[in-house]
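As structure tokens, the structure follows; a few thoughts come after it.
The values are calculated or read from the model by the stated rules, or taken from the named source; none is laboratory data. No experiment lies behind these values; they were computed from the predicted model shown. Note that each Cβ is placed from the backbone with ideal geometry, even for glycine, and that neighbours are counted across all protein chains shown. Heavy atoms of the whole protein, side chains included, go into the accessibility calculation; ligands, DNA and RNA do not. Shrake-Rupley method; radii C 1.70, N 1.55, O 1.52, S 1.80 Å.
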Amino acid sequence: MCISPTHFFHNMSVFDTPSPSNSSLESSPFSQDLQQKKCAICFRPAFSNNYGVLTCDACKMFYRRIVILNREYKCKYGGGCAHVAKSTVVKCKGCRYQQCLEAGMTFQPSFAELTNEKDFDAATTVATLRFLDSRRSNAMKTQFTDEDFSLLEVLEKRRMKMKARRSEITNHEWSFFGIYTSIEFLMSLDFMSSLNLNIQDKKILLKHYCVKASLFASAMRAMKEQRNTLMTVDGKEIYPDAILRLKQISPQFLQRIRSLLVMKLIELKITDEEFALVNAIFFCNAALPLSEDGQKTVVTQQKAYSSALLQFCNVESSRNGPTRFTNLLSLLHVINKNFEDVKAMTMLFRIFVKDVSYRKIVTDVI
Ligand SMILES: [Zn+2]
Ligand SMILES: [Zn+2]
């Protein structure tokens, strides 16, 4: 697979890891002077004034990112954390930020500073992806289409006309619609209208990822609705009865398809922002047989999304940003596994259950 964490790390220029552990410093008799200077926020050794206050680098970056990304954090406990953890860095972002303000840190980024910042790029990338994804998710929840175009027809700019969802949707229709709304979402990503990608490139990219995107989105929806298995949007079993009755497919296998990815997302406690970025990174698969120009475009785009994700992880999990980043990327294996299972199940179903008609786009991609 083209996405290896080490590959990213070597190519990333956006690393600014928090200051290293200071344990050696504390035990050294020669560091008496340095020890006296402590960060006003976390009390670790500090060497310079940042935004008007003596702080360590980690607290400086923490404060800077929150201001630039315009994030807001509320303390779960009404703001008491800072007083409980007097000697170490406060884990709660709300309280840590409050400490920064109370210590007198001030920073008003100029327009140039904002627009030149990688952080700013990360923030706009996340916002755009989330907007596009919420459009997909709304369509999934409220609309439907009776049109039946092939993948190629859709690529030639024939959108299927949506209408308000009617009451009864079959399992097959749900999976079709999940796939179609994912295709529309993926096609709405900026780089997909780049002239460097020819129609064949787009077809390969979509064919390779749209079912995975649809699985990923359903798993995400399950997690947010506090379920640990996949269900249809209207809260029903994802499999048609004919599959459940098939002796050739074990209930354990079906359950694995329902829960493998959801369980992993629950374990990771993935956020909407992380989901949006990870999804976009996985879609940009440069290992596929694309045209030379297409390949370059996809590589560039994947780097941009990855860089945004790393920035984001550094803000959200300050010290553990890089670890978080790697853990999120490891989701790819789970999604691939989930997809392989779905493919196997679909094949068995097509062998053993005849007389089922599929929409064109479904048979094009799975
Ligand atoms: Zn500090
Ligand atoms: Zn707090």
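The residues neighbouring Phe185, those whose beta-carbon lies less than 13 Å from its own, together hold a net charge of +2 under the Lys/Arg +1, Asp/Glu -1 convention. Amide H contacts of Gln143 (H built 1.01 Å from N, in plane; Pro and chain starts excluded): Arg165 sit under 5 Å, all sequence-distant by 5 or more or on other chains.
Provide the FRET efficiency to the nearest 0.05 for the Phe47-Lys207 pair, computing r from the beta carbons and using R0 = 56 Å. Efficiency computed from Cβ-Cβ geometry: 0.55.
What is the Cα centroid distance between the range 329-366 and the range 122-200, reported in whole angstrom? If we compute the Cα centre of each part, the gap is 18 Å.
Report the net charge of residues surrounding Lys74, where surrounding means a beta-carbon distance below 13 angstrom and charges are Lys +1, Arg +1, Asp -1, Glu -1. Net charge around Lys74: +3.
Take the Cβ-Cβ distance between Asn196 and Thr271 as r, set R0 to 35 Å, and report the resulting FRET efficiency rounded to the nearest 0.05. Rounded to the nearest 0.05, the efficiency is 0.65. Surface composition of the range 37-109: carbon and sulfur atoms hold 51% of the protein heavy-atom accessible area at a 1.4 Å probe.
Counting charges near Ser137 (Lys, Arg +1; Asp, Glu -1) among other residues having Cβ under 15 Å from its Cβ returns a value of +1.
Ellipsoid fit via the Cα gyration tensor, the range 117-365: semi-axes of 29, 22, 17 Å, each the root of five times an eigenvalue, largest first. Peptide packing for 247-259, 50-62, 334-346 was compared via the average number of neighbouring C-beta atoms within 10 Å per residue; ordered from the highest value, the list is 50-62, 334-346, 247-259.
Between amide H atoms placed 1.01 Å from N, distances below 5 Å from Lys38 occur with Ala46, all of them 5 or more places distant or on a separate chain.
Over the C-alpha trace of the range 37-109, radius of gyration and Dmax come out as 11.4, 32 angstrom. In order along the range 281-295, the phi-based Karplus estimate (6.51 cos²θ - 1.76 cosθ + 1.60, θ = phi - 60°) of 3J(HN,Hα) comes to 4, 5, 5, 7, 9, 7, 7, 6, x, 9, 5, 4, 5, x, 4 Hz; Gly and Pro are listed as x. Given their separation in residues at 0.36 nm each and the Cα-Cα distance between them, Glu225 and Tyr77 gain 50.8 nm when the chain is fully extended.
In this simple spin-label model, placing a label point 7 Å from the Cα along the Cα-to-Cβ direction at both Glu147 and Ser357 gives a separation of 1.9 nm. I'd like the FRET efficiency for Glu292 and Lys91, computed as 1/(1 + (r/R0)^6) with the beta carbon distance as r and R0 of 41 Å, rounded to 0.05. E(calc), rounded to 0.05, equals 0.30.
Once backbone amide H atoms are built at 1.01 Å from N, Asn285 has no partners under 5 Å, excluding neighbours fewer than 5 places away on the same chain. The phi torsions of the range 190-200, fed into the Karplus equation with coefficients 6.51, -1.76 and 1.60 and a -60° offset, translate into couplings of 2, 5, 5, 9, 5, 6, 6, 9, 8, 5, 5 Hz, rounded to whole numbers, with Gly and Pro shown as x. Using θ = phi - 60° in the Karplus curve 6.51 cos²θ - 1.76 cosθ + 1.60, the 3J(HN,Hα) couplings for the range 92-100 round to 6, 5, x, 5, 5, 5, 4, 4, 4 Hz; x is entered for Gly and Pro. Averaged over residues, the count of other Cβ atoms within 10 Å places the peptides 268-275, 181-188, 140-147 in the sequence 181-188, 268-275, 140-147, highest first.
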